[in-house]
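Scroll down for the structure; my scribbles are underneath it.
The values are calculated or read from the model by the stated rules, or taken from the named source; none is laboratory data. The structure displayed is predicted, hence computed values, not measured ones. Backbone-built Cβ (ideal geometry, glycine too); neighbour counts: all protein chains shown. Please note that ligands, DNA and RNA were not included when accessible areas were found on the heavy atoms of the full protein model with its side chains. Shrake-Rupley method; radii C 1.70, N 1.55, O 1.52, S 1.80 Å.
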Amino acid sequence: MTSGVTVDCGAVLFDMDGVLVDSSGVVERSWRSWALRHGIAESVLMPLIHGRRALETIALVAPHLDAQAEWQVLIRQELEDTEGFRAFPGAAALAGALPADRYAIVTSAPRSIAVDRLQRGAIRVPAVMVCAEDVTRGKPAPDGYLLAAERLGVAAADCVVVEDAAPGVQAGLAAGMRVLGFTTTETAEAMRDATWVVPDISCVTAQSPMAEPPATGPVRIRLDRVVG
């Protein structure tokens with residue numbers, strides 16, 4: 001384990017669930033309820049739910065179902081269930097410290113859930129947010145991260161992706177970006193392909209000179225407790 005790694009980049013692109021907010025209880029309860037209704041084994045389903053759009057997960061485990069209709073059911077469940085939800089300590093402060101024109105969220109969640117969770121967590125909603133509805137291919141495809149970089153006007157190679165699940169790591173790498181992995185959802189071994197791995201967002205500090213645009217110079221973040 002090392003500390004004090006400093007990273008310069010053009011923009012920071014965050015996944016949301018497992019990175020900025022802890023919604024694991026909500027998500028897992030929703031999927032378990034869905035699996036029970038459709039007779040799908042949890043052992044098959046649960047390893048697939050993190051880091052992917054629900055549409056892709058449903059297509060993988062139940063291709064005979066109407067994925068769009070089932071997705072709407074899952075969205076309603078997750079909007080109504082907030083038990084155990086929280087923002088990770090330090091998430092709001094980090095998002096607020098980054099320049100507004102160098103910060104985006106790329107999430108597999110639909111926009112309604114993403115905005116709701118950010119607001120519940122008192123985390124600044126960025127101007128650039130790529131959600132499940134905005135792409136035709138979800139993670140591990142790079143589409144979402146490439147679209148966020150395009151909307152920010154920052155070269156893909158100059159972006160740092162922050163992820164908690166292997167499909168998201170693969171999406172960031174496929175986009176030609178560096179990836180910071182957290183071990184909030186998966187093990188350090190599962191996140192081994194990330195450029196750096198740290199335990200969680202409390203290990204990340206923004207050292208950018210100004211939070212409001214136009215930002216000048218690189219966005220600088222410091223990583224502590226780097227495990228890989």
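Quick notes on this one:
- For the pair segment 16-66 and segment 147-189, the centres of their Cα atoms are 21 angstrom apart.
- In percent, rounded to a whole number, the relative contact order of the chain is 29, using alpha-carbon pairs under 8 Å and six or more apart.
- Of the accessible area of the chain, computed with a 1.4 Å probe over protein heavy atoms only, carbon and sulfur atoms account for 53 percent.
- Highest to lowest packing among 15-25, 32-42, 82-92, scored as the average C-beta count within 10 Å: 15-25, 82-92, 32-42
- Ordering of 195-201, 184-190 by burial proxy (mean other Cβ atoms within 10 Å per residue, highest first): 195-201, 184-190
- The chain, accessible area per residue, ligands and nucleic acids excluded (1.4 Å, Å²): 42 Å²
- Label corresponding to Cα Rg over 2.2 N^0.38 Å when calculated from the structure given, among (i) 0.97; (ii) 1.13; (iii) 0.92: (i)
- Gain upon complete extension [residue 226, residue 37; 0.36 nm per residue less C-alpha separation]: 63.9 nm
- Counting only DSSP H runs of at least 4 residues, each contributing -39500 (n - 2.57), and dividing by the residue count of the chain, the helix-based mean residue ellipticity at 222 nm comes to -10000 deg cm²/dmol.
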